[in-house]
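**Student:** Below are the structure tokens for one structure; questions will follow.
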Amino acid sequence: MLELLPEFLLGFGNYFKTNLFIAFCTLIVGLLGGAILGFMHSRNGSILSKLASPVISLLRAFPVFVLMFVLWNFIPRSQNTSINYFISDPDMILILALSAFSVSSLSDIVSDALHFKYMGDSERVWLVIPNIFRTFVTLVLSTSIGAAIGVKEAVTYSLVFSDGLADRSDKLLLILIASILFALFFGISRMILDYMTFRFKAA
Amino acid sequence: MIFLKNVLEFLLYIIILITGGVVFAKSDAPYEQKLGTLLEKSRSQNCANPDGQLAFILCAKKIKIGVRTNYPGFGESRDGKIDGYEIKAAQEIANRLGVMAELVPVTPANRIEKLLKGEVDMVLATMAHTTSRDQIIHFVRPHYYSSPTSIVGPKKINANEWSDLAGRSVCVPLGNFSNILFSEHQVRMMIYDRPDRMVEAFNMRACSLIAHDQSYIYGSILKNARELSGGNTLEEKFSFNEVPWGIGVKKSASKNLGLAIGLIIADMHQSGYLLNLADQTNIQKSFLPQQKNTWKNPNCFDALDISDTSDCLLKPVNLADQPNSFEGSITFFEGWLGKNFNIQVKFPMFSGSNGLKMLINGMAISMLIVLCSIGATLLASYSFYFFSQSKIKFVKIMCSGVRLFFQNSPLILLLMLGYLLVTAILDYSTGVAVFIAVVMIGLLNGANCGSALMDASKTFHFEAKLLDIVAVASVPIRAAVINAAKSSPTAAFIGAPEMLASLTDITSFTGERITTYLIVAIFYIIIVQMVVVITGFYAKRVLQHA
């Protein structure tokens, strides 16, 4: 197992880029959708707010794993593989599924930021930045569900790599190492986040 | 006298030889002769008002044949041309009828619909002869091919019998009758509506094994094994359920067009034409020599005229879900939706015995996972909080490390970790899969929730009551509980037969996806909304009491 570790770590790092890329794309979709819904929602008592509320509630209540399978079965897949050169069908489906979470989450952040702005509390508006970063970190963690539909990301890579090991204890060790790698990344991210939030609050 | 006797004997000998030769010659091509008579009778009809589909086709001088265009070896489109075993057979059938063949691309999802709508006259498109299909269309016999379902995967994966497949992911074709066996053996299915997409997904490791007709497995997957598996050698693990493939025509055409095609196929078997075609197109042919012998046997010459029960004819397979007592009402409702709202949907999960059982089972297991996950989340959060308050530094550090690990690890990896750990001690079963899912969902969300409790406790400058701490941390606790409910379908990843897994199984053998996934979506939205409302109610009560 130990002799395979450098190969695994190299591959893991390579595939982890997909997790970051998908999370980034989902964040962009979330920012666009969230900005519109957040703006509509912040108009208290208006028709816009009444229209936005059920949409946000629906997106929030939709389990991402289920939504991913719904989209997997409903969206017609592209016939031409050259179209998929930049982004594959499973990647696209995962981005759309995670967007339900990112749009609802970011609409809350935008709505709160607008609320602080109307209140004249411009310092707290800046809290939007760590909150967006927090959403991004959660999205990176959530991209792992893509393993169920064949997204080529770090979790899929780890599972495939472990499939190639004959010994159960080696498999266990490998999955444990992959989990620790994720935990390290997110642990550091959360520390950065706490620091960012602290600095913005202090400012 | 002797001379006369010899002459008479000689003449008799000649007569016997001639008549025997005629009889022999006649029985050498019995199907061709019968076809000739049938075609002559149909051709004699008035083309202004042809009676029967065969007469209609002969008058139009064209037959529309539904074929596959993405099935290597059988019907594959390459450089604008369609070629393969079925394509060549289709053209030969048209030739023998003396008409032109118009090939119409069909898919497994629309081939029967196109036949019933009259968009094609016959379907020659990798269609297995099952009793459920037999009720809708007429299957021409003899069958032109037969294939079992094979399971293929990398050599390093041990999957030589059904019990080895439990909990594993297998790529399967949509609507395949044999998929019901996978669901019975707790296999996690990934469904694909086109074989090329399925192979692509297998290549991308969406599943560890792939199941398809043996002919396709040999003709397409094992042939390209090196490219597909990234250098790993693939092998056939095992095969099951040999099923005959038949040509479909409308039920109303069974006595004319159906019979004519049946005679052509019998002749193609007898003459070895189909066997040669299989050689030319490089497909598996174990079924064809056996059929050649059958249709050469004089006992089978009249099999097509006598009845469907002849021993020369193969029977359709019966793996369809048996209708339950609601079947009539469900069919009426489907018809009502179609008639009044033009919505063409099916609800096979309500009308079939197995389907309904799996649906109810899936709902019950989903509810159980949601409830237990919420319980496990609350228990884990209290445990993390309790150990974090320990006076022993080692316990505190350990608790913190474990909490951070679960808080920052992806659920899919945690599920796999739990699966590997628990199955080292216990045999894999539904209960074990549910248990692993509940524990892992509980630990992940409990770690977040425990963290919130610890943060909340720090806001008090005195020894606070747990209820007060819970009140301060009510928002993140509620979020963790809701998240536990939302995460519950992920249990399907390790084969827990909850709602998503159950309905995926039902879809795999019924082919109906729209209603199935809408039901899953609605079910989980309702469940999560219920958790939102209930947790909101309790959060308010905690705040009031604190």
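**Student:** Label B:LYS315 and A:THR138 with points 7 Å out from Cα along Cα→Cβ: what is the distance between them in nm?
**Tutor:** Label at B:LYS315, label at A:THR138, 5.8 nm between them.
**Student:** Considering only Cα-Cα distances, which of the following residue pairs are longer than 21 Å: B:LYS251/B:LYS357; B:LYS114/B:LYS357; B:LYS41/B:LYS255?
**Tutor:** Check vs 21 Å cut-off fails for B:LYS251/B:LYS357; B:LYS114/B:LYS357.
**Student:** For region A:155-202 and region B:427-443, what is the centre-to-centre distance using only Cα atoms, to the nearest Å?
**Tutor:** Measuring centre to centre over Cα atoms gives 21 Å.
**Student:** When the label point is put 7 Å from the Cα of B:LYS156 along its Cα-to-beta-carbon vector, which residues of region A:139-157 have a backbone N closer than 14 Å?
**Tutor:** Residues A:157 fall inside that zone.
**Student:** Between B:ILE522 and A:PHE116, what FRET efficiency follows from the Cβ-Cβ distance if R0 is 30 Å, with the result rounded to 0.05?
**Tutor:** FRET efficiency, B:ILE522 to A:PHE116: 0.25.
**Student:** Taking R0 as 35 Å, what FRET efficiency do you get between B:GLN544 and A:PHE39 from their Cβ-Cβ distance, rounded to the nearest 0.05?
**Tutor:** The computed FRET efficiency comes out at 0.55.
**Student:** Under 12 Å Cα-Cα from A:LYS171, which aspartates and glutamates qualify once same-chain neighbours fewer than 8 residues away are excluded?
**Tutor:** Within reach: A:ASP163.
**Student:** Please label the shape of region B:349-545 as rounded, prolate or oblate, based on the square roots a ≥ b ≥ c of the eigenvalues of the alpha-carbon gyration tensor (a/c under 1.5 means rounded; beyond that, a/b larger than b/c means prolate, else oblate).
**Tutor:** Judged from the Cα gyration tensor, region B:349-545 comes out oblate (a/c at least 1.5, b/c at or above a/b).
**Student:** Just tell me, in residue order, which DSSP H segments of chain A are both 24 angstrom or longer along the helix axis (alpha-carbon based) and at least -1.0 in mean Kyte-Doolittle hydropathy.
**Tutor:** A:5-42, A:89-118, A:168-202
**Student:** Another one. Too long at a 19 Å Cα-Cα cut-off: which of B:LYS34/B:LYS62; B:LYS64/B:LYS315; B:LYS88/B:LYS296; B:LYS81/B:LYS285; B:LYS62/B:LYS117?
**Tutor:** With Cα atoms farther than 19 Å apart: B:LYS34/B:LYS62; B:LYS64/B:LYS315; B:LYS88/B:LYS296; B:LYS81/B:LYS285.
**Student:** Under 15 Å from the Cβ of B:MET440, count the other residues' Cβ atoms, weight Lys and Arg +1, Asp and Glu -1, and hand me the total.
**Tutor:** Overall, the nearby charge balance is +1.
**Student:** Can you put A:PHE198, A:PHE185 in order, fewest other beta carbons within 10 Å first?
**Tutor:** The most exposed by this proxy come first: A:PHE198, A:PHE185.
**Student:** So which cysteines of chain B have no other cysteine's Cβ under 4.7 Å from theirs?
**Tutor:** B:CYS372, B:CYS399, B:CYS449
**Student:** At a Förster radius of 22 Å, what calculated FRET efficiency corresponds to the Cβ-Cβ distance of B:LYS465 and B:LEU379, to the nearest 0.05?
**Tutor:** In this case the efficiency is close to 0.70.
**Student:** In which sequence would B:VAL120, B:VAL345 go, from the one with the fewest C-beta neighbours within 10 Å to the one with the most?
**Tutor:** B:VAL345, B:VAL120
**Student:** Tell me the net charge near B:GLY248. Cut-off is 9 Å between Cβ atoms, B:GLY248 excluded, with +1 for each Lys or Arg and -1 for each Asp or Glu.
**Tutor:** Charge balance in the 9 Å sphere: +3.
**Student:** Are there DSSP H segments in chain B that both extend 24 Å or more along their axis (alpha-carbon positions) and score a mean Kyte-Doolittle hydropathy of at least -1.0? List them, or say none.
**Tutor:** Those that clear 24 Å and a mean of -1.0 are B:2-28, B:353-388, B:430-458, B:514-545.
**Student:** At what distance in angstrom do the alpha carbon centres of region B:332-395 and region A:104-118 lie from each other?
**Tutor:** Answer, in whole Å: 32.
**Student:** Counting other C-beta atoms within 10 Å, which of B:HIS545, A:HIS41, B:HIS129 has the fewest, and how do the rest follow?
**Tutor:** Fewest-to-most ranking of B:HIS545, A:HIS41, B:HIS129: B:HIS545, B:HIS129, A:HIS41.
**Student:** Could you work out the mean count of beta carbons from other protein chains within 10 Å of each residue's beta carbon in A:159-167?
**Tutor:** Rounded to a whole number, the mean comes out at 3.
**Student:** Using Cα positions and a limit of under 17 Å, work out the aspartates and glutamates in reach of B:LYS391, with same-chain residues fewer than 8 apart set aside.
**Tutor:** Within reach: B:GLU463.
**Student:** At B:THR331 and A:LEU32, where each label point lies 7 Å from the Cα along Cα→Cβ, what is the point-to-point distance in nanometres?
**Tutor:** 4.8 nm
**Student:** Tell me which aspartates and glutamates have Cα within less than 19 Å of B:LYS346's Cα, excluding those fewer than 8 residues away on the same chain?
**Tutor:** Here the aspartates and glutamates satisfying the reach criterion relative to B:LYS346 are B:GLU113, B:ASP134, B:ASP193, B:ASP321, B:GLU327, B:GLU334, B:ASP505, B:GLU512.
**Student:** With the dipole of chain A worked out from charges on the C-beta (+1 for Lys and Arg, -1 for Asp and Glu) around the Cα centre, which of A:PHE136, A:LEU172, A:LEU51 lies farthest toward the positive end?
**Tutor:** The listed residue farthest towards the positive side: A:LEU51.
**Student:** Rounded to the nearest 5, what is the percent of antiparallel bridges among the DSSP beta bridges in chain B?
**Tutor:** Percent antiparallel among DSSP bridges in chain B is about 60.
**Student:** Given an 8 Å cut-off on Cα distances and at least 6 residues of separation, report the relative contact order of region B:349-545 as a percent.
**Tutor:** 31 percent
**Student:** How do B:135-141, B:65-71 rank on mean C-beta neighbours within 10 Å, highest first?
**Tutor:** Ranked from most to least packed, the peptides come out as B:65-71, B:135-141.
**Student:** Counting only GluC sites (Glu not before Pro) that are in a DSSP loop and have at most 12 other C-beta atoms within 10 Å, tell me the longest site-free stretch of chain B.
**Tutor:** With a cap of 12 other Cβ atoms within 10 Å, the longest stretch comes to B:162-462.
**Student:** Spin-label point model (7 Å from Cα, Cβ direction): what's the A:LEU184 to A:GLU123 distance in nm?
**Tutor:** 3.8 nm
**Student:** Compute the Cα gyration tensor for chain A, then decide on rounded, prolate or oblate, letting a ≥ b ≥ c be the square roots of its eigenvalues: rounded whenever a/c is under 1.5, prolate when a/b is larger than b/c in the other cases, and oblate in all that remain.
**Tutor:** Oblate, since a/c reaches 1.5 and b/c is not below a/b.
**Student:** A follow-up question, please. Sort the following peptides by mean Cβ neighbour count (other Cβ atoms within 10 Å, averaged over residues), highest first: A:116-127, A:150-161, B:397-408, A:24-35.
**Tutor:** Packing proxy ranking, top to bottom: A:150-161, A:24-35, B:397-408, A:116-127.
All of the numbers you see were taken from the coordinates with simple rules; none came from a lab. Model, not experiment: these values are computed from the prediction. Counting neighbours? That spans all protein chains shown, and the Cβs are built from the backbone with ideal geometry, glycine included.
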